[in-house]
Amino acid sequence: MERLSLRRTRSERSVPRRRRCLLCWIPPVTRFSDDPQLGPTQERTVRDALMGDIMRPGSVPMRLTAEVIGTAPIERIDVLHGARVVQAVQPYEASDLGRRVRVLWQGAEYRGRGRETNWQGRLKLSGNRIARFAPVNFLNPERKVQETTPGTALEWNSVTTGNMAGIDLWLDDAWRGALTIDSNIVSGKLELARLRGEKIIFDAGGLGRQLSVYRLPEADWSRRVVLDHQVTFPGRIRAAPTAQQMYGLDRWSASHVRFRNPSGR
């Protein structure tokens with residue numbers, strides 16, 4: 001089973017407890033004992049914050065640090081301000097990318113019961129060959145990826161309910177040929193020469209539902225990533241790091257840290 005942990009950096013764990021935190025400020029800032037919107041609350045002048053604290057930093061920059069350690073290679077870490085991704089960290093370089101291509105589908109129909117999306121799809125590779133392939137996050141043994149034409153065509157039956165599943169392809173040639181994907185939800189075609197460091201995404205409506213194609217390093221890569229994020233902001237915000245491992249496991253920080261402007265609103 002995949003496991004992933006977010007924790008403080010080693011350098012922070014080696015210093016006194018008052019400085020072992022995910023968020024630090026050099027000049028002092030204000031920390032509330034409770035949410036000021038709920039009524040009167042106490043204020044303290046501090047230089048650090050733990051997850052869940054409510055702060056009023058004003059114009060003082062914030063530094064968010066985290067160490068992420070997984071049982072599988074870490075695909076990326078995102079830093080969120082609310083629901084918006086403001087920084088993305090990948091533990092590999094564009095020069096590490098090559099013959100390995102991932103086809104990933106994800107999302108749900110809507111929130112609540114009956115949200116599952118049944119994906120029935122197939123892909124065909126022209127002008128190249130698939131040396132080998134591997135399913136990603138196929139947890140139901142009754143739903144499989146099958147090779148319908150050796151080296152060039154696959155088909156699958158999969159269900160997502162807001163999570164993700166996919167297929168990794170190792171190609172004979174990294175940049176030659178075209179990939180055609182047909183499914184009952186969304187379809188698309190792309191030239192592999194266009195597929196560089198960025199994802200190619202086909203929107204499928206619903207709730208976060210999409211099909212994406214992108215490259216990964218051919219061999220396994222780092223299982224440990226250190227994040228250092230700095231930001232200055234005038235208003236209220238929720239900040240949190242999230243991480244995703246190679247096989248689809250997502251990890252969110254246990255809670256968010258909220259900030260308010262000097263008016264406390």
- Task: Considering the convex hull of the alpha carbon atoms of region 94-217, report its projected area averaged over all viewing directions, in nm², one decimal.
- Result: 7.2 nm²
- Item | Potential lengthening between residue 223 and residue 189 on full extension [0.36 nm per residue; Cα-Cα distance subtracted] | 9.0 nm
- Tell me, what is the FRET efficiency for residue 196 and residue 146 to the nearest 0.05, using R0 = 41 angstrom and their Cβ-Cβ distance as r? 0.90
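Among 134-147, 59-72, how do they line up by average Cβ neighbours within 10 Å per residue, starting with the highest?
Ranking, from highest mean packing down: 59-72, 134-147.
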- Placing each pseudo-label 7 Å from Cα in the direction of the beta carbon, residue 230 and residue 84 end up separated by a distance in nanometres of 2.1 nm
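Each value in this text was obtained by applying a stated rule to the coordinates, not by laboratory testing. Keep in mind the model is a prediction, meaning the values are calculated, not measured. Using ideal geometry, Cβ is built from the backbone for each residue, glycine included, and neighbour counts are taken over all protein chains shown.
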